[in-house]
Every structure is written in structure tokens, then in C-alpha cells.
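Below is one structure, written out as C-alpha cells; the observations come after it.
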Amino acid sequence: MVGMSRLFAAFAFAERSPFDRVRLVVAVAYAALVLAVALMVLAVETFSADPGFVGVWLVFVTSPTSLLIMPALALFDDLPIVFGQIAFYVVALSAGTFHTWLVWPRRRVFPELG
């Protein structure tokens, strides 16, 4: 149990990078951009008679991760189109969440390890 309290203390008093605020602003702005584009694409698909290629914007914003996962959407070709659309949004928003997690500022718990 002593080891757990040492680890908790290490996390609580970890060093912060001078760029943490910048990384936080970039991560939140990117997450807001992905959510706004997803809502825009959903609104155009729902209310437009001819949505065209509006989904490309969501893929563009969340690339390259979404481009790696998009071929898996072929598994939904035999199901009704609603399931394919839901899978598209889940994949794109998951890719955006992954990108946000990559940019999110983290504390250096053990700076002596590098």
C-alpha cells in the first residue's frame, strides 16, 4: 500500500510543461471543430434533399486516423443504410477523440525517466 501512496504523490506533484496551456487550447479547439463539423454534416444529411459529398468534410477534419478505419465500414453494406450512417459517425468521432487525446497535455510523472 505504501507504493500506491508514493505513486499517487508522484502524480499529484508532477511537473507541468510550459506549453500545457497551449496544448489544452489546441485540444479543446480541435474537439469543438470536430463536433461542429459532425453536427453540420448530420444537419445537411437530414434536412437536404441532395446532401452530395458533405461527409467528406468530416473525413477531412479527422484524417488520417479516420482514413485508416473507414474501410471497415464495408462490413455494414448488407445492413440498412441507417446502420452505415451511424457507423460512419462513430468512426469519425472516435478518430477525432483520438486526435484530441494525443494533443491533450499530460504531466511528466517521472521526469528523470525522460
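Each value in this text was obtained by applying a stated rule to the coordinates, not by laboratory testing. Since we're looking at a predicted model, the values are computed, not measured. Cβ placement follows ideal geometry from the backbone for every residue including glycine, while neighbour counts extend to all protein chains displayed.
Applying the Karplus relation 6.51 cos²θ - 1.76 cosθ + 1.60 with θ = phi - 60° to the stretch 59-75 yields 3J(HN,Hα) values of 5, 5, 5, 9, 6, x, 5, 5, 5, 6, 9, 4, x, 5, 5, 5, 5 Hz, where x marks Gly and Pro.
With the simple spin-label model, which puts each label point 7 Å out from Cα in the Cβ direction, the Phe47 to Leu79 separation comes to 2.8 nm. For Val56, the shell of other residues with beta-carbons less than 15 Å away shows a net charge of -2, using +1 for Lys and Arg and -1 for Asp and Glu.
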